[in-house]
Every structure is written in structure tokens, then in C-alpha cells.
């Protein structure tokens, strides 16, 4: 039986804008190279399509440098889509830009109205529950509002905590199958994955934790060979995508798409 947490018919991506060089970042590690980013983004989109999924490619938004990171704007579930409320003020307008596309795909749309904030990068949907990590971008009020919506749809939400200094919960973890998580030790040591099978990223390769399981593929950032080999040995088919430029603005594999099967 297909798992709604790893098997999808659709994805939404957004082309990087020229203004992506002004994207938010925790620390300055250099200016992203737009041409390299566009090439990597095209590879990412092609990899999603290779699984047979329909990929909706949205135009760049010059007024929102971080808009390529579409995952933060919504949570897409079999019952419907929930529009998020980003914790970064400069990203608030991205949600209204995404809303029309989701309304064309879903009959049921809810939204986080505030005053709290929550971003999709802090939400991990597993085979049994929805894990939401409190972070600098996701607060208690945002989690509470999402919990009420998910309760209506029959989902259990469990609140956990993102390590200090880590942008999003999924910066340090990803789902490999309904019961298996790829994670950093600093996150898993909190006990948040008790009852799950945990595969650890290699020491020094913490950035490899932000991967995605998309149908038959585990899509990982390139240049983390020990972790990629570990995941392959665990029985998964791995595709590696260059992420050097997105990483300069705190982006990874999950950030670049919304993945779902519309209702």
C-alpha cells in the first residue's frame, strides 16, 4: 500500500530568482552562484520527474529572494493543504503567492492565521504522526494552531525541539520510509525518534541529513560520500544533487519542493 509520507504523484518547485543572492542566511559563507544554482535546480526537477511524478514548475519571484524554498509555505496532506505563516518577516508574502496553485489542486485549504508562526521546514510527516520542531521560525502558538487543524483531519501531532543553532527541524533529519529516519546524532540524542529506526549521518556530514524520500528515490545533497554509502547499504536507491549554492542560503533538498498527492 502506498505511503502518503513517501509516495507522491505531484511536486511543486519554484525557479530561483536573480535576487537569490540576497537570500537569508545564518552566516555568510559566500555569495551563491546563480548559474550553478539553476543547473542544480534543473537536475533536482528532472530527478523528481524521473519517478513519474507531475512536477509543477513555478516562475521565479524577484521580490522574494528565498521563494525557491517552497516547502516552508505549506503542508500538503491527503486531506488538504495548510498554508503556513513563516517566522521570517521577509518571507510572509510567499504564502499568498503559493496559495492559488494549491487552490487549483486541493478542494480543502486551511491556513495558519496567527499570531503564531510555523514553517514547513519544521514539519516531518511519518507513517504514524506529524512531528513538529519548535525553532527560531516555529513557535508554540503556530504549533497549537496546526495541531487543531490536524486533529480535525485525524492526524496526531507531536511537538519536539530543534537543537539551538539549527535553522529547521528537517535541517537535521529526513524520512527514508514510514518508520525510518536519517538524522544527526545531535538531534536523535534528544530522544525525539524513540520507536523509529534511525540511520545516522557520518560525523562531519551533518548537512546530509536534509534529504527527501520521493517515491523510489532518496534524493540527497552531493559531496557527503560516507552518508550516501550508508543509505545505499541500508537498501535505498540514492540520487545525489549538487547543493553547494543553496547551502549558502541555508537551503537543502526538502526545502526545494512541496511533495503530495492532491485530494
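The values are calculated or read from the model by the stated rules, or taken from the named source; none is laboratory data. These numbers were taken from a predicted model, which means no experiment stands behind them. We place every Cβ from the backbone using ideal geometry, glycine too, and count neighbours over all the protein chains shown.
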Quiz prompt | Answer from 11, 40 - the residue that is part of a helix (DSSP H, G or I) and either within 21 Å of residue 241 (Cα to Cα) or touching a helix residue (DSSP H, G or I) at 6+ places or on another chain (Cβ under 8 Å) (or both) | solution = 40
Quiz item: Among the strands (runs of 3 or more DSSP E) contained in the range 52-150, which hold 3 or more residues that are surrounded by fewer than 17 Cβ atoms within 10 Å (Cβ to Cβ)?
Solution: 54-58
Quiz item: How many of the residues in the range 192-204 are more than 16 Å from residue 225 (Cα to Cα), within 21 Å of the chain's Cα centre (by Cα) and either free of Cβ contacts under 8 Å to residues at least 40 places away in the same chain or assigned to a strand (DSSP E or B) (or both)?
Solution: 3
Quiz prompt | Hey, residue 207 farther than 13 Å from residue 230 by Cα, surrounded by fewer than 24 Cβ atoms within 10 Å (Cβ to Cβ) and at pLDDT 95 or above or not | solution = yes
Practice problem: Please go through the range 210-244 and pick out each residue that is surrounded by fewer than 18 Cβ atoms within 10 Å (Cβ to Cβ) and farther than 18 Å from residue 52 by Cα. | Solution: 222, 223, 225, 226, 229, 232, 233, 234, 235, 242, 244
Quiz item: When you scan the range 116-129, how many residues do you find that are without any contact (Cβ under 8 Å) to a residue 40 or more places away in the chain and farther than 9 Å from residue 85 by Cβ?
Solution: 1
Quiz prompt | Long-range neighbours under 9 Å by Cβ, at least six apart or interchain, first residue at positive phi within the range 159-177, second at pLDDT below 95 | solution = 165/26
Quiz item: Which numbered condition trips up residue 20, out of (1) out of contact with any strand residue (DSSP E or B) (no Cβ under 6 Å at 6 or more places or on another chain); (2) buried (at least 18 other Cβ atoms within 10 Å of the Cβ); (3) assigned to a loop (DSSP other than H, G, I, E, B)?
Solution: (3)
Practice problem: Report the residue count in the range 148-164 for those that are under 18 Å from the mean Cα position of the chain (by Cα) and modelled with pLDDT under 95. | Solution: 3
Practice problem: Considering each of 47, 51, 31, 73 in turn, give the residue that is touching a helix residue (DSSP H, G or I) at 6+ places or on another chain (Cβ under 6 Å), closer than 21 Å to residue 260 by Cβ and touching a residue at least 60 places away in the same chain (Cβ under 8 Å). | Solution: 73
Practice problem: Would you check if residue 88 is in contact with a helix residue (DSSP H, G or I) (Cβ under 6 Å, 6 or more places away or on another chain) and within 18 Å of residue 121 (Cβ to Cβ)? | Solution: no
Practice problem: Determine, yes or no, whether residue 184 is under 16 Å from residue 71 (Cα atoms), free of Cβ contacts under 8 Å to residues at least 60 places away in the same chain and surrounded by 16 or more Cβ atoms within 10 Å (Cβ to Cβ). | Solution: no
